[in-house]
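A short worksheet on the structure shown next.
The values are calculated or read from the model by the stated rules, or taken from the named source; none is laboratory data. Keep in mind that what you see is a predicted model, and the values were worked out from it rather than measured. Methodologically, a virtual Cβ is constructed for each residue, glycine included, from the backbone with ideal geometry; neighbour enumeration extends over all protein chains shown.
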Amino acid sequence: MAMPPSDNPDPDRPLAVVTGASAGIGEAIAVRLAAEGFRLLLGARSEQRVRELAARLGGEGRHLDVAAEASVAAFCAGVEEVAILVNNAGGARRLDPISDSRSDAWRWMWEVNVLGLMQVTRALLPALEASGRGHIVNISSTAGFEVYEGGAGYTSAKHGVHAITRTLRLELAGRPVRVTEISPGMVETDFSLNRFEGDRDRAAAVYRGVTALTAGDIADLVAFAVTRPAHVDIDEIVVRPVQQVNAAKVVRR
Ligand code: NJP
């Protein structure tokens, strides 16, 4: 069984938990939160990658499949106080119209983006509250309030994240846990490569002629939100590339 993160060398630093920290936005958030002085507990299915990253940044990496209740329980075992939880694990699968939707792709999107976020949050809420200064940051999407053709599986899941975030804000009122939702437009990561199941040409076309946001841009916003004074709650941040107005309108070079 994994050792509690309090066994790490510098146990006095507040603990930040980042899900989906093996790549992209989650990895950048981990790097940035380490620079801000947090000790890390990083999770992803790519256990080796989160272990190596945590070893480099200070903290611990553990296997985590947010969609699997037993994995979430093992990941959270021994965690007594958490200052920051970044629910970042997520993504999209395929771009099919509803008429041709595949249930397995939808199931994946709902299990990871929605159910996974709930399961990790539920497991760590006592530890967030115990820290006396907890903060949940949900990495959502502009897909949480917009729709586009072929995107219903992903947009409905991220609409779910938005609803969960707003509900948490209500349910946690009066308790020492802040709640922030960050909703990015296009960020250049492996997101599209994963959505298009390894089709590199199709993934590259998404970012062609656009200076997309970087994972570091999102990490900046997480750092901003979590370093505000204790009485300030950044409820929502929407961020997009200058060249992207919404899901449908992208001005390419
Ligand atoms: O994507 P990617 P991003 N359990 O594919 C992990 C949102 N977003 O960094 O498990 C635990 O490079 C996976 O790790 P592994 C997006 O919806 C993005 O761009 O090892 N972890 C990896 O670390 C998502 O919520 C854009 O495969 C699981 C990470 O998730 C977040 O930003 C736009 C997992 C995915 O890394 C990060 O996405 C937007 C599981 N079951 C919102 N399944 C964008 N890039 O354009 C996956 O609006 N992961």
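Some observations on this one:
- Of the strands (runs of 3 or more DSSP E) entirely within segment 40-149, those holding at least 1 residues that are aliphatic (A, V, I, L, M) and buried (at least 19 other Cβ atoms within 10 Å of the Cβ) occupy 84-87, 134-139.
- Candidates Ala219, Ala230, Ala223 - the one that is farther than 20 Å from Glu146 by Cβ and surrounded by fewer than 13 Cβ atoms within 10 Å (Cβ to Cβ): Ala230
- Test for Ala247: is it part of a loop (DSSP other than H, G, I, E, B), within 15 Å of the ligand (Cβ to nearest atom), crowded, with 18+ Cβ neighbours inside 10 Å and among the aliphatic types (A, V, I, L, M): yes
- Selection count, segment 185-232, where residues are part of a loop (DSSP other than H, G, I, E, B), within 11 Å of the ligand (Cβ to nearest atom) and free of Cβ contacts under 8 Å to residues at least 24 places away in the same chain: 0
- Restricted to segment 150-169, and to residues there that are hydrophobic (A, V, I, L, M, F, W, C) and within 13 Å of Ile136 (Cα to Cα), the residue that is surrounded by the most Cβ atoms within 10 Å (Cβ to Cβ) is Val161.
- Residue within segment 91-101 that is within 12 Å of the ligand (Cβ to nearest atom) and on the phi > 0 side of the Ramachandran plot present: yes
- Residue within segment 54-61 that is within 9 Å of the ligand (Cβ to nearest atom) and modelled with pLDDT of 95 or more present: no
- The set of residues from segment 151-173 being within 15 Å of the ligand (Cβ to nearest atom) and in a loop (DSSP other than H, G, I, E, B) comprises just one member, Gly151.
- Across segment 13-27, the qualifying residues are those that are over 14 Å from Ala219 (Cβ atoms) and not in a strand (DSSP E or B), and the one among them that is nearest to the ligand (Cβ to nearest atom) is Ser22.
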